[in-house]
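A short worksheet on the structure shown next.
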Amino acid sequence: MGLHGLFGQRLAGDLGRQRDYMVRHDLAGRGIRNPRVLEAMARVPRELFVPPELVFEAYADRALPIAGGQTISQPYMVALMIERLELSGGETVLEVGAGSGYAAAVLSRICNWVVAIERISTLAEAAAGRLQGLGCANVEIHIGDGRAGYPAGAPYEGILVSAAAAAPPPALLAQLAAGGRLVIPIGTEDGIQELVCFRRRVGGTVAEPGLACRFVPLVAGTADGEEEGSNKSGDPEASGPVP
């Protein structure tokens, strides 16, 4: 085996140990209990979703910068938000704010189908490539306005929003299946935000509050100069809890 191959093996082993530590210490150690979530987080290589210069920081429990001035959320927040969706395996889930594709990759290990919306076309295209490379054939990524959701794929048993809004967008609530859960940070960019789960019941929705958090705002529309479209991985933002 050459020096390059040996280095690659050692790097992969080191990153694998860091991932295992993240799951045990930063996730399970901080209260994430759902075994499906923990298993999915242990299987998805976060180093593939961060810039090459940040590979050695991939398993630090914090948000990291990615392209387009956006961020990849900290692992604990990704796990917590997905855990609050209460997925059992057969659901179709909508993710608003696909970013690097990391959360979609985790979701793909837990539910039946993932529809992800991203407003920046370059991010959406790069995420689709990563997901295809990982064999995530049950994820489709669309370029569009996340506040409008994706009606063609509705209803959704779970909707995950990785950006804050003053109130849950009506279009997203309308796309929830009966009993479905919408997990979204509620609040203003410069004020208090809270991670809230909206559960659809007969006759309306029930809000279930959660921990204080800090996310970038949910922006309407697509990025300037970009056209709406879609990318299917199966077919050839700062975020985190308030300290």
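Filtering A148, A105, A163, A126 for residues that are surrounded by fewer than 24 Cβ atoms within 10 Å (Cβ to Cβ) and over 19 Å from A174 (Cβ atoms) leaves a single hit, A126. In region 52-84, which residues are in contact with a Lys or Arg (Cβ under 6 Å, 6 or more places away or on another chain) and among the small types (G, A, S)? Across region 52-84, the qualifying residue is only A58.
If you go through region 38-73 and keep only what is under 18 Å from A163 (Cα atoms), surrounded by 18 or more Cβ atoms within 10 Å (Cβ to Cβ) and either modelled with pLDDT of 95 or more or hydrophobic (A, V, I, L, M, F, W, C) (or both), you end up with A63, L64, I66, I72. In region 108-123, what residues are out of contact with any helix residue (DSSP H, G or I) (no Cβ under 6 Å at 6 or more places or on another chain) and either within 23 Å of E39 (Cα to Cα) or buried (at least 24 other Cβ atoms within 10 Å of the Cβ) (or both)? Listed by number, the residues that qualify are S108, C111, N112, W113, R119. If we scan region 64-86, do we find a residue that is among the acidic types (D, E) and farther than 30 Å from A207 by Cα? Taking every residue of region 64-86 in turn, none turns out to be among the acidic types (D, E) and farther than 30 Å from A207 by Cα.
Among the residues of region 81-98, those identified as surrounded by fewer than 24 Cβ atoms within 10 Å (Cβ to Cβ) and assigned to a helix (DSSP H, G or I) are E83, R84. Hey, does region 59-68 have a residue that's in contact with a strand residue (DSSP E or B) (Cβ under 9 Å, 6 or more places away or on another chain), under 21 Å from V196 (Cα atoms) and not small (G, A, S)? Yes: one or more hits.
The values are calculated or read from the model by the stated rules, or taken from the named source; none is laboratory data. Everything numeric in this text was worked out from a predicted model, so none of it was measured. We place every Cβ from the backbone using ideal geometry, glycine too, and count neighbours over all the protein chains shown.
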